[in-house]
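Any read-out appearing in this document is the output of simple, stated calculations on the displayed coordinates, not a laboratory observation. The shown structure was predicted, so the numbers you read here are calculated from the model rather than taken from an experiment. Cβ atoms come from the backbone with ideal geometry, glycine included; neighbour counts cover every protein chain shown.
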Amino acid sequence: MDKSILRCYLVAGTQDCRHLPQYDASQPQQTLLERLEQALKAGITCYQFREKGQFSLQDPQKIEQLARQCQDLCQQYNVPFIMNNDVQLAKKLHADGIHVGQKDTPVEQLAQQIEGKMLIGLSVNTLQQAQRHNAFLGVNYYGCGPIFTTFSKEDPSPVVGIHFISTLRQQGINKPLVAIGGIKTEQVPALLQAGADGVAVISNIMQAEDITATIQKILAK
Ligand code: TZP
């Protein structure tokens, strides 16, 4: 895969728009779409549709409709559209990729289901998890974290710190790596220095006062 798509990777769903002044609980989709378009204009390199948790949409039809709208926007800006976890929806929409966690569908099974037609991203929180699939070509990149404390995930795994990235590299993990969890613009240089190919961000972008400036800062590092 082209690892430059990991450089500034936005992850978001309607639940991540709750803190914005324009958020309307009866119609949260609009806020996500507006925010996503601003982020695409500002130059994000990848987008993951992640509708998850207590405050997310629950109606499968609404989720599918919103996913399609987000995908349309990504296509307009030529940015890969990655689906979080839902392989059926990812296949139905012909998403560019699917991202799963350690407790989701095992990646070997996932790889068979998607028949090489999309990228697979896997979250890792320990060296052992990263070693397990290092040689498995079915996994295209690892999402590593949470690097710092995150407030965007219910029940997150333990915080691993920036040194987790350098440890993975020192131990021979050669897949593209995207760091995730509590990342702010100031920490981007250290993460890239440690061996990450990019950063995946929810709150720092979704809650930014100036989303364009925030994304440009991430890309400039
Ligand atoms: N996986 C590990 S941390 C995290 C996910 C989805 C949340 C990242 O959100 P934020 O707001 O950038 O900490």
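Data for the structure
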{"read-out": "Selection from Ile205, Asn84, Tyr141, by position along the positive dipole direction of the chain (Cβ)", "value": "Tyr141"}
{"read-out": "Global form of the range 149-221, assessed from the alpha-carbon gyration tensor, a/c cut-off 1.5", "value": "oblate"}
{"read-out": "Cα gyration tensor category, rounded, prolate or oblate, for the chain with a/c compared to 1.5", "value": "oblate"}
{"read-out": "Spatially proximal aspartates and glutamates relative to Lys153 (Cα-Cα < 16 Å; intrachain offsets below 8 disregarded)", "value": "Asp16, Glu51, Asp104"}
{"read-out": "Phi to ³J(HN,Hα) by Karplus 6.51 cos²θ - 1.76 cosθ + 1.60 over the range 58-69, Hz, x for Gly, Pro", "value": "10, 7, x, 5, 5, 5, 5, 4, 5, 4, 4, 5"}
{"read-out": "For the range 77-86, Karplus couplings with θ = phi - 60° (6.51, -1.76, 1.60), whole Hz, Gly/Pro x", "value": "9, 6, 10, x, 10, 10, 9, 7, 6, 7"}
{"read-out": "For the range 195-201, Karplus couplings with θ = phi - 60° (6.51, -1.76, 1.60), whole Hz, Gly/Pro x", "value": "x, 6, 8, x, 10, 10, 9"}
{"read-out": "Ellipticity estimate at 222 nm from DSSP helix runs (n ≥ 4, -39,500 (n - 2.57)) divided over the chain, nearest 500", "value": "-10500 deg cm²/dmol"}
{"read-out": "Qualifying lysines (Cα of each under 20 Å from Cα of Lys221; at least 8 residues distant if same chain)", "value": "Lys3, Lys41, Lys184"}
{"read-out": "Extension reserve of the Thr212-Lys117 stretch, reckoned as 0.36 nm per residue once the Cα distance is removed", "value": "31.0 nm"}
